[in-house]
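Below: one structure, written as structure tokens.
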Amino acid sequence: MTSQTPNNSEVIIHVQDLSIYYSAFRAVKNVNLEILRNKITAIIGPSGCGKSTVLRSFNRMNDFVQGAHIEGKILFHGQDIYDPAIDPVQVRQMIGMVFQRPNPFPKSIYENIAWGARINGYKGNMDDLVENTLQSAALWDEVKNDLKKSALALSGGQQQRLCIARALAVKPEIILMDEPCSALDPIATLKIEDLMRTLSEKYTIIIVTHNMQQAGRASDYTAFFTMDDDRAGLMVEYGDTSQIFTRPRDKRTEDYITGRFG
């Protein structure tokens, strides 16, 4: 495994010797990775190599899978998020997630934003929070006159931006995105990519994608994963996106980028 991390960038997540298991099966092994603040990091690789498993480990979503457990450490601001003293609910508040398919609540547009903030104890002006969050997700101008309308009436791209707004409403530091554009058309996809770039000024974004063009366009850093002979996922190479796509150091990376396998 090769890596490249600029010395002048702040590391917000430090992954140390991470292996992830589903019962006895080791799905991911020996990952070492540094995620940089206010950057977009893409995780790429063939199906089944553990990309989403690694992503979900960053906010303990794998806790909901029976038999899932880890070895190693994931440090967020230097604190091990798997320490028994750490509340996973607080982890998920600080490290939010947007899923592959838009999953708005069957509530109004307004309540999709307000509900999550409310249960997390928000005491400020809810109208202002809803407006500011929808503006941050580049959705306000499209829905400001229809806030009472069901979120399920929105287009797929609008629903995904609403889900991003919902994640932003609880004031996270990191946003995880698991193939957020796979169910969207090209125009909606470009809107999400533009939004990611804007959001990275305030947030750290980690995205799993099968779309090589998307990774090349939208990310600052890219981690390439593949599988070993035991079908365990491993990180082959990590570095600046332009380097990964134009001067990969490992032939496995080059073969995947150029479409020779995967």
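The values are calculated or read from the model by the stated rules, or taken from the named source; none is laboratory data. Everything quoted here is computed from the prediction, not taken from an experiment. As a convention, Cβ positions derive from the backbone with ideal geometry for all residues, glycine included, and neighbour counts pool all protein chains shown.
Which one is surrounded by the most Cβ atoms within 10 Å (Cβ to Cβ), of the residues in region 139-157 that are touching a residue at least 24 places away in the same chain (Cβ under 8 Å) and assigned to a helix (DSSP H, G or I)?
Among them, the one singled out is A151.
Scan region 210-244 for residues that are closer than 18 Å to N32 by Cα, among the aliphatic types (A, V, I, L, M) and touching a residue at least 60 places away in the same chain (Cβ under 8 Å) and report the count.
Count: 6.
Tell me, which strands (runs of 3 or more DSSP E) lie completely within region 169-262 with 2 or more residues that are farther than 23 Å from I95 by Cα?
Because the criterion is at least 2 residues that are farther than 23 Å from I95 by Cα, the strands (runs of 3 or more DSSP E) in region 169-262 that meet it are 221-227, 233-240.
For region 70-107, give me each residue that is within 27 Å of R26 (Cβ to Cβ), touching a helix residue (DSSP H, G or I) at 6+ places or on another chain (Cβ under 9 Å), outside any loop (DSSP other than H, G, I, E, B) and of a type outside the set (A, V, I, L, M, F, W, C).
Residues satisfying the conditions are P88, R92.
If you go through region 148-168 one residue at a time, how many are more than 21 Å from R118 (Cβ to Cβ) and polar (S, T, N, Q)?
Number of matching residues: 3.
This table checks each residue for (1) free of Cβ contacts under 8 Å to residues at least 60 places away in the same chain; (2) over 14 Å from the mean Cα position of the chain (by Cα); (3) within 30 Å of R26 (Cα to Cα).
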| position | (1), (2), (3) |
| --- | --- |
| P186 | yes, yes, no |
| E193 | yes, no, no |
| E201 | no, yes, no |
| V208 | no, no, yes |
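How many residues are at pLDDT below 95, of a type outside the set (S, T, N, Q) and either closer than 20 Å to A167 by Cα or surrounded by fewer than 17 Cβ atoms within 10 Å (Cβ to Cβ) (or both) if we restrict to region 202-216?
1
For region 108-138, enumerate the residues that are assigned to a loop (DSSP other than H, G, I, E, B), among the polar types (S, T, N, Q) and over 22 Å from the mean Cα position of the chain (by Cα). First the steps, then the outcome.
Step one: list which residues in region 108-138 are assigned to a loop (DSSP other than H, G, I, E, B), which gives 120-125, 137-138.
Add one more test, that the residue is among the polar types (S, T, N, Q), and what stays is 120, 125.
Passing the criteria: only N125.
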